[in-house]
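The values are calculated or read from the model by the stated rules, or taken from the named source; none is laboratory data. Note that the coordinates shown come from a computational prediction; the quantities given were computed from them, not determined experimentally. A quick note on method: Cβ atoms are made from the backbone with ideal geometry, for glycine too, and the neighbour counts reach across all protein chains shown.
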Amino acid sequence: MKIEGLSFPEAVKFLAKRVGVIIEERPRTATEKRQSDERELLYRINEQAAKFYRRLLLGDPAGEAGRRYLEQRGVDSATSEAYAIGYAADKWDSLTKHLEQQRVPLDLAEKLGLIKRREGGRYYDAFRNRLLFVIADMHGRPIGFGGRVLDDSLPKYINSPESPIYHKSEVLFGLNLAKHAMREKGNGIIVEGYFDHLALYQAGIKNVVATCGTALTTGHIKVLQRYASKVFTLFDGDSAGRKATLRSMELFLDERLSASVIELPPGTTLILF
């Protein structure tokens, strides 16, 4: 319970799954069983997509652009592996065809935001020619993705939409990588972006999490309180970053969580590469 930040029932289920013990639960209605089965399938579909994007980045000729971009940004192979960074090819149906070959229900892949449907009914990839960050839950299971362009085109980032397994107001990027360090140090650092997080992680600062294209929420703070008794905000020094800092202070006060601000000089960002 302490290590993973879980309640007692959650800890029992977590350990039972690890060692293969079946926990008998109360009888479920048909609707509850259907929802549970669908959630498990959604997890597996995201896992398949994450592995597909990862393979494209590592060994496929189509992933050369992604590999070159990571090299230019100074991201080493160990960090790339820790984040399970992937690449979405510059094609309309690369992932769609892969999911079809794996007999994945495309309507569920659409629900996850991996693919979209044209007016004629055909599907196409939601992420194209983008570096893919895996958004994971506290156990490391993929629940969404953040895709970054490799040039200056807009939008710079596309994030997975909300789904039955991904609720943005309750998920912090990198928590699965940071939770043990946060527990050991008793504090955590909050940044705004994927590469902000990666910059600190690669520099050896592990107790860091990031918001995923959304403002900090009460739900985020409740998650943080499972692992840390104090937090530091480290947002950009521009106007938007200062506003985000002020908004977060009100939430910290409301939830009685000790917080401090790491201030960057105006006009600078956290990106270290």
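Restricting 179, 206 to those that are at pLDDT 95 or above, under 22 Å from residue 82 (Cβ atoms) and among the basic types (Lys, Arg) reduces the list to 206.
The set of residues in the stretch 112-145 being touching a residue at least 12 places away in the same chain (Cβ under 8 Å) and surrounded by fewer than 18 Cβ atoms within 10 Å (Cβ to Cβ) consists of 124, 128, 137, 139, 140, 141. Would you confirm whether any residue within the stretch 221-243 is within 17 Å of residue 133 (Cα to Cα), in contact (Cβ under 8 Å) with a residue 12 or more places away in the chain and in contact with a Phe, Trp or Tyr (Cβ under 9 Å, 6 or more places away or on another chain)? Scanning the stretch 221-243, I find no residue that is within 17 Å of residue 133 (Cα to Cα), in contact (Cβ under 8 Å) with a residue 12 or more places away in the chain and in contact with a Phe, Trp or Tyr (Cβ under 9 Å, 6 or more places away or on another chain), so the answer is no. Which numbered condition trips up residue 131, out of (1) more than 21 Å from residue 155 (Cβ to Cβ); (2) touching a Gly at 6+ places or on another chain (Cβ under 6 Å)? Here residue 131 meets the rest and fails (1). Quick check: is even one residue across the stretch 147-154 touching a Cys at 6+ places or on another chain (Cβ under 8 Å) and either in a loop (DSSP other than H, G, I, E, B) or surrounded by fewer than 20 Cβ atoms within 10 Å (Cβ to Cβ) (or both)? No. Take the residues in the stretch 228-245 that are more than 14 Å from residue 191 (Cβ to Cβ) and modelled with pLDDT of 90 or more, then tell me which one is surrounded by the most Cβ atoms within 10 Å (Cβ to Cβ). Within the stretch 228-245, the match that is surrounded by the most Cβ atoms within 10 Å (Cβ to Cβ) is 228.
Residue by residue, here is whether (1) at pLDDT 95 or above; (2) more than 21 Å from the chain's Cα centre (by Cα) holds:
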| residue | (1), (2) |
| --- | --- |
| 81 | yes, no |
| 84 | yes, no |
| 87 | yes, no |
| 90 | no, yes |
| 97 | yes, yes |
| 100 | yes, yes |
| 109 | yes, no |
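The lone criterion from (1) among the small types (Gly, Ala, Ser); (2) within 19 Å of the chain's Cα centre (by Cα); (3) at pLDDT 95 or above left unmet by residue 140 is number (3). Within the stretch 159-188, residues that are on the phi < 0 side of the Ramachandran plot and surrounded by fewer than 17 Cβ atoms within 10 Å (Cβ to Cβ) reach partners that are assigned to a strand (DSSP E or B) and of a type in the set (A, V, I, L, M, F, W, C) with beta carbons closer than 9 Å, at six or more positions or on different chains, in the pairs 167/143. Please determine whether any residue of the stretch 258-272 is over 23 Å from the mean Cα position of the chain (by Cα), without any contact (Cβ under 8 Å) to a residue 60 or more places away in the chain and on the phi > 0 side of the Ramachandran plot. Within the stretch 258-272, one or more residues are over 23 Å from the mean Cα position of the chain (by Cα), without any contact (Cβ under 8 Å) to a residue 60 or more places away in the chain and on the phi > 0 side of the Ramachandran plot.
Residue 95: touching a strand residue (DSSP E or B) at 6+ places or on another chain (Cβ under 6 Å), in the same structural domain as residue 144 (by TED's automatic domain parsing), among the hydrophobic types (A, V, I, L, M, F, W, C) and over 15 Å from residue 146 (Cα atoms), yes or no? So residue 95 passes the test.
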